[in-house]
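I have placed the structure first, in the form of structure tokens, so that the comments after it can refer back to it.
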Amino acid sequence: MRILLCGGAGYIGAHAYVVLAERGQDVVIADNFSNSSPGVLARLQRITGEPVPFHPLDLRDRGAVVDFFARQPFDAVVHFAALKSVGESCERPLDYFHNNITGTLNLLYGMQAAGVKRLVFSSSATVYGDPASVPVREDASLQVTNPYGRTKLVMEELIGDLCGSDAGFHAANLRYFNPVGAHASGLIGEDPAGIPNNLMPYICQVAVGRRERLSIYGGDYPTPDGTGVRDYIHVMDLARAHADALDYLVHERHNLTVNLGTGQGVSVLQLVNAFADASARDIPYQIVERRPGDVAAVYADPSLANRLLGWQAELGVEAMCRDAWRWQAQNPQGYPAA
Ligand code: NAD
Ligand code: UDP
């Protein structure tokens, strides 16, 4: 199959590229580098041993998107392209609506005009908001607690309506829990611009000496050690699920919404300790106030993905920390300027 990865230069897209290329797919990346570096392309070439087909494309430009699809045949699209910072989405909601929702609408217009009828979409556990109980199943009620989450929910709904209008269009909504880790080569990994918002890249930057200490947001949650509990999933396990979802769309011709997590809740302190062991570095931290909008515990029931896709996470917290650390230690400042 010829597969377009929209936003494929980003953290998860780059790892999915490796898995799809290894499975013999013909993969093309389109991105506007708004939150990624062109340096990733040379790294992908080093891993796969082949030049990486890349096209600059901004999904906010509907004319450019429709033109692009008119010129290039694709069998499927994997849609990673979105802005993803919760805090930034509260400060600049309109930019988030425009980039994520209008961008997705433009992508769907382009696909429809060109007759491309398979889509794998990067959704998020954020659509569950503060779930009433854990582990969370896909049929839990959906709530949004911030503009970023609203964009994910609206994007799932837009895609669902398109599937409803065209029995030949099939989509997979993949609700990621907390992706962490890196490819085992240490050549690609998470490279946030500015101060990391997420826990694992922050820990990595403390370990490598770029930040003095981690602030742990809240030590008084109703969790075993008082710190927040999440479902961290190795990015290579997550990447594999995209290839499995594409197979499902081709062979089963059904739509699909699944959680992608390990099903294990891990606290902030547990992750910090696991990282300290894996890296043999001290991770200084202080416990501070809770971060507004955070919830105590969210982890997945991933059994539906196992039943429908035959997928399950294979890599545990130790591998997540070891691989994240290898990437950070080999690339203390992230990707080199291209
Ligand atoms: P990322 O920012 O590393 O990758 C997103 C890529 O999309 C970037 O390369 C960016 O330049 C590109 N992009 C953004 N807007 C674009 C546009 N208008 N046109 C073209 N390209 C555009 O993020 P990621 O961590 O790889 O996340 C990928 C997807 O997964 C996102 O949709 C994100 O919301 C979702 N997700 C991520 C997480 C996470 O913790 N990383 C969790 C749940 C869901
Ligand atoms: N967290 C933290 N310090 C940080 C970043 C995150 O204590 O610098 C905590 C956060 O409160 C949550 C967990 O780590 O309990 C995961 O946060 P992250 O932002 O990585 O993912 P989220 O689940 O919020 O999307």
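Among the residues of segment 40-81, write down those that are more than 16 Å from ligand 1 (Cβ to nearest atom) and of a type in the set (A, V, I, L, M, F, W, C).
Keep residues of segment 40-81 that are more than 16 Å from ligand 1 (Cβ to nearest atom), which gives 45-51, 70-71, 73, 75-76.
Selection gives ILE47, ALA70, ALA76.
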**Request:** Have a look at ALA171, ALA184 and point out the one that is buried (at least 20 other Cβ atoms within 10 Å of the Cβ), small (Gly, Ala, Ser) and in contact (Cβ under 8 Å) with a residue 24 or more places away in the chain.
**Result:** ALA171
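Going through VAL116, VAL86 one at a time, which residue ends up being touching a strand residue (DSSP E or B) at 6+ places or on another chain (Cβ under 8 Å) and not small (Gly, Ala, Ser)?
Of the residues listed, the single one that is touching a strand residue (DSSP E or B) at 6+ places or on another chain (Cβ under 8 Å) and not small (Gly, Ala, Ser) is VAL116.
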**Prompt:** Any residue in segment 166-184 that is closer than 18 Å to ASN35 by Cβ, within 13 Å of ligand 1 (Cβ to nearest atom) and more than 15 Å from the chain's Cα centre (by Cα)?
**Reply:** no
**Request:** Test each condition in (1) within 15 Å of ligand 1 (Cβ to nearest atom); (2) surrounded by fewer than 24 Cβ atoms within 10 Å (Cβ to Cβ); (3) not in a loop (DSSP other than H, G, I, E, B); (4) not hydroxyl-bearing (Ser, Thr, Tyr) for GLN286 and report the one that comes out false.
**Result:** (1)
**Request:** Tell me which residues, restricted to segment 92-116, are buried (at least 20 other Cβ atoms within 10 Å of the Cβ) and either under 19 Å from the mean Cα position of the chain (by Cα) or more than 13 Å from ligand 1 (Cβ to nearest atom) (or both).
**Result:** TYR96, ASN99, ASN100, GLY103, THR104, LEU107, LEU108, MET111, VAL116
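Go over the candidates VAL154, VAL229 one by one and state the one that is in contact (Cβ under 8 Å) with a residue 40 or more places away in the chain and within 13 Å of ligand 1 (Cβ to nearest atom).
VAL154 is the lone residue from the list that is in contact (Cβ under 8 Å) with a residue 40 or more places away in the chain and within 13 Å of ligand 1 (Cβ to nearest atom).
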**Message:** When you check ARG240 against the structure, is it outside any helix (DSSP H, G or I), charged (D, E, K, R) and at pLDDT 95 or above, yes or no?
**Reply:** no
**Asked** In segment 110-141, which residues are part of a helix (DSSP H, G or I), within 16 Å of ligand 2 (Cβ to nearest atom) and among the polar types (S, T, N, Q)?
**Response** THR126
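The values are calculated or read from the model by the stated rules, or taken from the named source; none is laboratory data. Here the structure is a predicted model, which is why all the values come from computation and not from measurement. Don't worry about glycine lacking a Cβ; one is built from the backbone with ideal geometry, like all the others, and counts go over all protein chains shown.
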